[in-house]
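Okay, structure first, notes after.
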Amino acid sequence: MAEPLDWNKEIKPGPREVGFDYSFHIAATGDRVPSVYIENGFIVDLDPNDPVSVSYGEKVGDEPTGISHLHLLKLQADEQHSGTIVNNVSRIGTMAGGHKARFTDESMADTFVEKAVGFIEREKDHPFFLYFATHDNHVPRVPHPRFAGSSSLGSRGDAIMEFDWGVKQIVGALEKNGLTENTMVILSSDNGPILFDGYWDGAVERNGDHNPSGPWFGGKYSSWEGGTRMPFIVSWPGKIKPGISEAIVSQVDLFASIAALLGKSMPAGSATDSQNMLAALLGESPYGRDYLIEEGSGNLAIRQGNWKYIPEGQNRDARRIDRNINTNIPKGGYLFYLAEDPQERNDLSKQFPEKVKELRALLHKEAPGKY
């Protein structure tokens, strides 16, 4: 069993141990303690006389929690998110100490954008790689007050507007420094949308008739298209012509694709699932992967072109995006043809048993013993 992490010393392994020269990030997602920034492996502004301790099991310290001091909260949370209160928001887990180092949710986007723009300014005369992992739309959704009311969807929509602003600042920094034509920008996400995810922030009540999954079914935690099909924009004005591609790619393919772009070989044993999709990313080929495994909280599915197979024994979990659909996967699984059925409602498994057999075999190849 690993020893508990000492947050008061250098925190590693971290970004620098996997190749980054500089890093500035939070310790986890913002709904988890410790609620601090970490720069190059050390908590920012940590007072050695006020050391940090963290626990996701037994409570540490005697600070107010979302259960003991409900009246201090500006967002009511479920039990999982009712640990230590930081900035009047309770989190997963408990922490003590580090008071000077604790972040403020409302200023997080500004802080990250400032660091990213500063990095671009410093490195503008050299080739660089910037990974900008924004927190904006993750819970707790507490955007800066200047974005309040900027959408009609409450804090969730306002957080998305804040994200758009952050992207604009980074793209603007590239333009300001004359880097746009020779810089590849990739914008994507980590999973599909979710309304309620631990905090009662009005996302459900303010959603109205808006469909956050667009034309797809499902959302976060599901293996349905609404949970696994991500926005994926690649911009490189000097190399890529604007357009829409139907090529299937995975974010894991960025490893091999960027290595190919740089003329480098992948280190032995690294990113073994990654495939070189550079031609598709550059718009030079309409073809991507032959097939792709999709996953949502342990639920697997497989896509091959417009065909999609979801095996039995899983949960059609829409997680509050659509509560009125039967979530049980029948024996034999589902087969859909997404070009004609993007909502994954018309099961074709009985009409095309050979396609089911083919896709099931491919899924078994990737997850042997399970399917």
Of 107, 35, 90, 55, how do they rank once you tally other Cβ atoms within 10 Å and put the fewest first?
107, 55, 35, 90
Cut-off under 5 Å, modelled amide H: who pairs with residue 86 long-range
91
Testing the spin-label approximation: label points 7 Å from Cα along Cα→Cβ at residue 341 and residue 290. State their distance in nm.
2.5
Computed lengthening from residue 128 to residue 187, 0.36 nm per intervening residue step minus Cα-Cα distance:
19.6 nm
Roughly how big is the chain's charge dipole about its Cα centre, with Cβ charges of +1 (Lys, Arg) and -1 (Asp, Glu), in debye to the nearest 20?
800
Residues with beta-carbon under 12 Å from that of residue 181, excluding residue 181: net charge, scoring Lys, Arg +1 and Asp, Glu -1?
0
When 1/r is averaged over all different Cα pairs and the result inverted, which Kirkwood radius in Å belongs to the stretch 109-183?
13.2
I need the Kirkwood Rh of the chain: take the reciprocal of the average 1/r across all distinct C-alpha pairs and report it in angstrom.
23.0
Using the C-alpha atoms of the stretch 143-222, what convex hull volume per residue, in cubic angstrom, is computed?
125
Using Cα pairs under 8 angstrom and six or more residues apart, how large is the relative contact order of the chain, in percent?
10
Explain nothing, just the number: relative contact order of the stretch 15-103, from Cα pairs under 8 Å at least 6 residues apart, as a whole percent.
32
Given the pairs 9/124; 308/350; 264/365; 331/370, which span a C-alpha to C-alpha distance of over 22 angstrom in this model?
9/124; 264/365
At a 10 Å Cβ-Cβ cut-off, how would you order 229, 206, fewest neighbours first?
206, 229
Approximate spin-label separation residue 39-residue 266, in nm, with each point projected 7 Å along Cα-to-Cβ:
3.6
For the stretch 60-69, just list the computed ³J(HN,Hα) in residue order, Karplus coefficients 6.51, -1.76 and 1.60, θ = phi - 60°, integers in Hz, with x standing in for Gly and Pro.
10, x, 10, 6, x, 10, x, 9, 7, 9
What number in nm² do you get for the stretch 249-288 if you take the convex hull of its Cα atoms and divide its surface by four?
2.6
Counting other C-beta atoms within 10 Å, which of 336, 103, 128, 24 has the fewest, and how do the rest follow?
128, 24, 103, 336
Suppose the chain between residue 22 and residue 58 were pulled fully straight at 0.36 nm per residue; how much longer would it get relative to their current alpha carbon spacing?
9.6 nm
Local charge sum around residue 251 (other residues, Cβ-Cβ under 14 Å, Lys/Arg +1, Asp/Glu -1)?
-3
Around residue 50, under 11 Å between beta carbons, what's the net of Lys plus Arg minus Asp minus Glu among the other residues?
0
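Quick note: the coordinates plus some simple rules give every number you see, no bench work behind them. Please read these numbers as outputs of a predicted model, since none were measured by experiment. Every residue, glycine as well, gets a Cβ built from its backbone with ideal geometry; the counts of neighbours run over all protein chains shown.
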